[in-house]
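Each value in this text was obtained by applying a stated rule to the coordinates, not by laboratory testing. None of the values given here were measured: they were computed from a predicted structure. We place every Cβ from the backbone using ideal geometry, glycine too, and count neighbours over all the protein chains shown.
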Amino acid sequence: MSSAHTASPIDSAHTPRAAGPSRFLRVVAWISFVLNAVIIGTGGAVRLTGSGLGCPNWPLCAPGSLVPTEELSWHSLIEFGNRTISGPLLVSAILVVVLTWRIRNSRRDLSVLSFVVLGLVALQALIGGIIVWLHLNANLVGVHYVISLALVCITAAYLVRMYEPPVPRERAVPKGFAILTHITTFFMAITVIVGVLTTAAGPHSGDATIQRDGVDAVLMSHVHSFPGYGAFLLTAAVLGWAARARLRPLKWVVTLMAALIVQIWVGIFQARHGLPPLAVGVHMVLAALTAATMTVVVLRLKRPVVAGAEAAASAGSAAPGASAAPSA
């Protein structure tokens, strides 16, 4: 059997798989991922345009009306548009759960992920309502964003696992590389959390009538940059190692580095130009997509075990000891 740090990846397209996701499930899973990313953009638009209380009630938009009334402003349309996306997002999450349940015996991993996504989507709806009731409480708005970002990462993880066979997995990179990757992930998580606190201290409160009191936004932007640059340097180290050894996550590490470069540029731009709403919104969406890319990199640290895949395909027809060892 080859060592765990063999550089050559195993292409799941050539690996036999048991009863797997249907074509319809794959389409719905992609829709779920896209909608979870889109709603971060529309949620950012709500906050950055001061439309957080455009619909002053929840779940109704206005007293006695599900949709905006003539008495409400254009802010209501922005807020209601964001709420509207929640419907298809919830439907897609439910569909993924139902369709995954049909293959739960062979894809327990996907079943667990689908239920986690559905639970978080339902939690998001509840938190969104509480945020309106509490007139855009800054702490809850931050939690709301973090959960949305987690949903993007989890739905991305679902997509990665969906295209791999339901067999045991083995480490496909050196142990040191895996440790360095996880440290990079930690720095990125810290960067996101500090970024949420920075936004909460900034001028975009979600409604013109709400003022944020707390830590200076300029100071927080500097604090936010420290773990950000740390994550960048660590990613550069991960990229150099992966490129030199031609490791399995290389393609996605390159994508991660590209996303980080753009993200850092946008962050510097917005800090030097007084936090223009459009730049802040792009920064928010890029943060989620960067985190999702980091998730894929982490999942690429392991690969399906060929012997396990062949055993699953042969359904035990092979003689004891006849299964092949994982190839390089």
query: Fully extended, how many nm does the chain gain between residue 278 and residue 146 (0.36 nm per residue separation, minus their Cα-Cα distance)?
result: 45.6 nm
field: Coil-residue chymotrypsin sites (Phe, Trp or Tyr not before Pro) of segment 94-185, DSSP, other Cβ within 10 Å capped at 14
entry: 163
field: Extension gain, residue 69 back to residue 269 (0.36 nm per residue minus Cα-Cα distance, nm)
entry: 68.2 nm
- request: Mind ranking 267-273, 180-186 by how tightly packed they are, going by the mean number of other C-beta atoms within 10 angstrom, highest first?
  value: 180-186, 267-273
